[in-house]
Amino acid sequence: MKRTFRPLAVALVLGFGSILSAQSALLSVSPGLGFPLAPADLYTLEAGASLDLRLASPSGALEGLGRIGYSNLVIDQGLGGISIVKLEGGLALPLLRTPSFSLGPTLLLGGYGAFRSGTSALFNPMAEAGIRAEAKIGGIRLALEPGGEFLLAMHDGQPGAFLASAGVRLSISFTPGSSGGSHKPLLQIQDPALDPFFPIIYKTYATKALGSATITNQEKQPIKDVEVTFFAPSYMDGAQIVASFPELKPGESKEIKLTALLKNSVLGITETDSAQARLQVSYTLGRESLKVGWEGSLRIEGRNAIIWNDDKEAAAFVTAKDPTILKFSRNMASSLPSGGAAIPSENLRSGALIFQALEAYGLRYVVDPKGSYATMKGVKSAVDYLQFPVETLAYRTGDCDDLSTLYNAMLEALGIETAYITIPGHIYSAFALELPPASLASILSDPTSYIMLGGKAWIPVEATALGKGFQAAWALGASQWSENSRSMAANLIPVHEAWKSYEPSFISSAERPDVVGRLPEPAKVVEAYSASMKKLADREVTAILAKLGAGNGSAAALAKLSPQVRNRVGAVYARYGSLDKAEATFKDLVGLSYGPGVYNLANIRFLKKDYVGATELYRKATALLPGNAEASLGLAKALFESGKQAEANLAWQAAAKLAPDKAAAYAYIGGAAGAGTDTARAADPSVRQAVAWND
């Protein structure tokens, strides 16, 4: 046995000396206790300690172990003890491994020497196994390892147990030659390139890079579990992980895009400022968890700053939910007249009313002396100043982008979709009509007065024409679009689409008393709006009648036209609120038994709340227009308003068979009569009084 043990001892001693300087080597001091299992009647306790050398594989999945140990084995009945010296080598397999904790089995094989005074020394093989649970605390590692050992002996030429025991050891591990157990990190961070930060789009920086940095592994070995964090303490709640890699090879570099989850307190920055920025890279080298940091400054522009590289960013200023904007726009919208001469589009009427309200408020177009969209568009580093809508109201002045943004915000607050129009050197507004494109020809005489895009009709409005009236602003906006679209130089940017990239940001959560206190009188706004709408309606009606060959719409001119064209003339009058002229036109068609004319006259009676007369005409229309769902629905509505619910239900069911989708809007009629009670759900007044004109 001596010949087997001595070469192993020499190899272990030489191995300890040759790898003490390795980066991934650890030394462990491990006291322990053992409780003999066999022979149980001979020994009572084993106590000792060992010095372990631990060397991790490059992957960290395995760990080599070398152990030199000494213990004292106590003999029963006070007969003294046996000194045991152990030399072993083996492996550890961390099945669970994190930078601060590991858990897994250990297995060692080697030899021992047993010494007792008065007897010959004994040298034989041994084996040891255990389960090690280890935690890293600062620069040291603490481990608890329960296990067992088996020391072989020969009895009469046959192998047997010199000692079999179970026990536990506590180990303290550290890296040789290091201060506090840490290797000096060699990973390099090149100075990050940080772009100026714009508070208005602070939400986008959670995914959009505000700069970049390059890291390079200058360690001699691959590094593992690389994690990069970015932190601006003044404007972030905590560091944000911006990149992570399972491994970085020696000499390998990675470019990191820096993102940041910022607080809305950045919107309090009104002037250019700078803030502290920190970059930290943590990684694992062998068993060591290392960190490298960088500190610098981040330039922050004021909250009104914008660079016109992406025109969609302007949508972030369209703060439709700002309390002051909501107060102003909805206060004005509540006074919108429901009757009178007007273009038959609620969105268009609202757009005209809000424009008139901004005029009455006293807004004025002023060119920005420090720069504007015209001078800064396309200049990469040129920073423009764009006012929030509430600021424009407070200042009562603004340039093209300021006034357009305010106008868009006011309409968005009413639920009307808006857009920006950009042409060379200029930006202005547009809003969408709620009307189906197919109906526009019978409402708007000039197809160049609106823009068809994305299945919607958009009304272009030049907000800088405040003071000249809505009609002039509309005409100017349409003219600019027409002129520039021919050369493909006009672009329409829907605000809702832009919001997907640049969400709106708010600078106030309460109404501004300096703005709310000087809102224009609704009555004065309505008076000016009504005059403007009448001019627009008269213009459109005259132009449409001319296209139909109806001249000025006189009886003599209409008498020369076919019933179909005369009916279309009446429908134009009706849509534009001239119900008396429409009624006179439709009356002549009743005598001719022209179905669409009879139906349209029934609509006039219904709108004038002559439900008995409307019922009679709707019945006639259903006979002249078999299969016409609108006629059946009109009859159902007139009967319902007359209190004849059972008959209304029958008419509604007939309409539902012809056009289920259209009838669904008036389900309150069928529900009431079907139940045979007077407890039907009341429909929205705008639905109950709505009619559809038949051209």
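The values are calculated or read from the model by the stated rules, or taken from the named source; none is laboratory data. As the structure is a prediction and not an experimental result, all values here were calculated from the model. Don't worry about glycine lacking a Cβ; one is built from the backbone with ideal geometry, like all the others, and counts go over all protein chains shown. Areas reflect the complete protein model, heavy atoms only, side chains present, ligands, DNA and RNA absent. Shrake-Rupley method; radii C 1.70, N 1.55, O 1.52, S 1.80 Å.
Show the residue pairs that are 6+ apart or on different chains and have beta-carbon atoms under 9 Å apart, the first residue being within the stretch 55-75 and within 27 Å of R287 (Cα to Cα) and buried (at least 16 other Cβ atoms within 10 Å of the Cβ), the second being aromatic (F, W, Y) and at pLDDT below 90.
As it stands, the answer is G66/F16; I68/F16, since those pairs meet every condition given.
I'd like the residue in the stretch 541-565 that is open to solvent by 40 Å² or more (accessible area, probe 1.4 Å) and in a helix (DSSP H, G or I) and, out of all such residues, is nearest to T448 (Cα to Cα).
If we take residues in the stretch 541-565 being open to solvent by 40 Å² or more (accessible area, probe 1.4 Å) and in a helix (DSSP H, G or I), then K547 is nearest to T448 (Cα to Cα).
Residue-by-condition table, conditions (1) at positive phi; (2) at pLDDT 95 or above; (3) of a type outside the set (A, V, I, L, M, F, W, C):
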| site | (1), (2), (3) |
| --- | --- |
| L414 | no, yes, no |
| F431 | no, yes, no |
| S442 | no, no, yes |
| E462 | no, yes, yes |
| A473 | no, yes, no |
| A478 | no, yes, no |
| S485 | no, no, yes |
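How many of the residues in the stretch 213-236 are open to solvent by less than 20 Å² (accessible area, probe 1.4 Å) and not in a strand (DSSP E or B)?
4
Could you grab me the full set of residues in the stretch 557-609 that are of a type in the set (V, I, T) and touching a residue at least 60 places away in the same chain (Cβ under 8 Å)?
Result: V572, single match.
Can you tell me which of L248, L210, L194 is out of contact with any Pro (no Cβ under 6 Å at 6 or more places or on another chain), open to solvent by 20 Å² or more (accessible area, probe 1.4 Å) and touching a residue at least 24 places away in the same chain (Cβ under 8 Å)?
L194
Answer yes if at least one residue in the stretch 444-467 is over 25 Å from R575 (Cβ atoms) and loosely packed, with under 14 Cβ neighbours inside 10 Å, and no otherwise.
Looking for residues that are over 25 Å from R575 (Cβ atoms) and loosely packed, with under 14 Cβ neighbours inside 10 Å, one finds at least one in the stretch 444-467, hence yes.
Could you list, in sequence order, all residues of the stretch 149-178 that are of a type outside the set (A, V, I, L, M, F, W, C), part of a strand (DSSP E or B) and free of Cβ contacts under 8 Å to residues at least 60 places away in the same chain?
Of everything in the stretch 149-178, those that are of a type outside the set (A, V, I, L, M, F, W, C), part of a strand (DSSP E or B) and free of Cβ contacts under 8 Å to residues at least 60 places away in the same chain turn out to be H155, Q158, P159, G160.
Could you run through the stretch 181-228 and say how many residues are in contact with a Gly (Cβ under 9 Å, 6 or more places away or on another chain) and either at positive phi or not hydrophobic (A, V, I, L, M, F, W, C) (or both)?
Within the stretch 181-228, residues that are in contact with a Gly (Cβ under 9 Å, 6 or more places away or on another chain) and either at positive phi or not hydrophobic (A, V, I, L, M, F, W, C) (or both) number 12.
Just one of (1) buried (at least 20 other Cβ atoms within 10 Å of the Cβ); (2) closer than 20 Å to A463 by Cα; (3) modelled with pLDDT of 90 or more trips up D311, so point out which.
Against the list (1) buried (at least 20 other Cβ atoms within 10 Å of the Cβ); (2) closer than 20 Å to A463 by Cα; (3) modelled with pLDDT of 90 or more, D311 comes up short only on (1).
A quick yes/no check of all residues on (1) touching a Leu at 6+ places or on another chain (Cβ under 8 Å); (2) hydrophobic (A, V, I, L, M, F, W, C); (3) open to solvent by 50 Å² or more (accessible area, probe 1.4 Å); (4) modelled with pLDDT under 90:
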{"position": "A602", "(1), (2), (3), (4)": "yes, yes, no, no"}
{"position": "T615", "(1), (2), (3), (4)": "yes, no, no, no"}
{"position": "Y618", "(1), (2), (3), (4)": "yes, no, no, no"}
{"position": "N649", "(1), (2), (3), (4)": "no, no, no, no"}
{"position": "A673", "(1), (2), (3), (4)": "yes, yes, no, yes"}
{"position": "R681", "(1), (2), (3), (4)": "no, no, yes, yes"}
{"position": "D684", "(1), (2), (3), (4)": "no, no, yes, yes"}
{"position": "Q689", "(1), (2), (3), (4)": "yes, no, yes, yes"}
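Across the stretch 497-540, what is the total count of residues that are closer than 21 Å to P323 by Cβ and part of a helix (DSSP H, G or I)?
Going through the stretch 497-540 one residue at a time, the tally reaches 7.
May I ask you to list pairs of residues, at least six apart or on different chains, whose Cβ atoms are under 7 Å apart, with the first in the stretch 471-498 being open to solvent by less than 60 Å² (accessible area, probe 1.4 Å) and the second being in a helix (DSSP H, G or I) and among the β-branched types (V, I, T)?
Short answer, once both residue conditions are applied: A478/T448; S482/T448.
Report the residue count in the stretch 458-496 for those that are assigned to a loop (DSSP other than H, G, I, E, B), under 28 Å from V525 (Cα atoms) and among the small types (G, A, S). Steps first, please.
Within the stretch 458-496, the subset assigned to a loop (DSSP other than H, G, I, E, B) is 462, 466-469, 486-490.
Filter once more, keeping what is under 28 Å from V525 (Cα atoms): 462, 466-469.
In the following step, the residues that additionally are among the small types (G, A, S) were identified as 467, 469.
Total satisfying the criteria: 2.
Which ones in the stretch 394-453 are assigned to a helix (DSSP H, G or I), in contact (Cβ under 8 Å) with a residue 60 or more places away in the chain and touching a Lys or Arg at 6+ places or on another chain (Cβ under 8 Å)?
Matches in the stretch 394-453: A394, S442.
Where residues in the stretch 251-286 are more than 20 Å from F231 (Cα to Cα) and out of contact with any strand residue (DSSP E or B) (no Cβ under 6 Å at 6 or more places or on another chain), which of them is most open to solvent (accessible area, probe 1.4 Å)?
This residue is E271.
Just checking, how many residues over the stretch 113-148 are open to solvent by less than 70 Å² (accessible area, probe 1.4 Å), closer than 17 Å to G81 by Cα and not in a strand (DSSP E or B)?
Final tally of qualifying residues: 1.
Residues checked against (1) of a type in the set (D, E, K, R); (2) touching a residue at least 12 places away in the same chain (Cβ under 8 Å); (3) assigned to a loop (DSSP other than H, G, I, E, B); (4) on the phi > 0 side of the Ramachandran plot:
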position: K254; (1), (2), (3), (4): yes, yes, no, no
position: E271; (1), (2), (3), (4): yes, yes, yes, no
position: Q280; (1), (2), (3), (4): no, yes, no, no
position: G296; (1), (2), (3), (4): no, yes, no, no
position: R299; (1), (2), (3), (4): yes, yes, no, no
position: W308; (1), (2), (3), (4): no, yes, yes, no
